[in-house]
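Inspection log for the structure reproduced underneath, given as structure tokens.
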Amino acid sequence: MEVPEEIVCVDCGQRAHRLSYPPEEGWQIGDYVAYRCSGCNDRWDLVVEDSDDPNSASHSYAAEARSILESRRTSPERPAE
Ligand SMILES: [Zn+2]
């Protein structure tokens, strides 16, 4: 799998450079790749996806990062106590 050296930050439009180095065996689907924005200094953690998957072809890496961040901020349903 190939991952981009940099992405465009969806918050400020600046370039976000990759922090993570490729593993010796190469990137695998499901690996986390960290980026640091040169503009707003936000960190983006992306998941390597199968680019052949038609379901993932239309959304960008940045959109994927956003969805990850949102899912972390939003706590899952709490069981009633
Ligand atoms: Zn930014």
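What spacing in nm lies between the two simple spin-label points modelled at Leu19 and Glu2, each 7 Å away from Cα in the Cβ direction?
Taking the two extended label points, one gets 2.5 nm.
In what sequence, highest mean first, do 9-16, 38-45 appear when ranked by Cβ atoms within 10 angstrom?
9-16, 38-45
Every number in this text was worked out from the coordinates using simple rules, so none of it is lab data. Quick caveat: nothing in here was measured; it's all calculated off a predicted structure. Note that we place each Cβ from the backbone using ideal geometry, even for glycine, and neighbour counts take in every protein chain shown.
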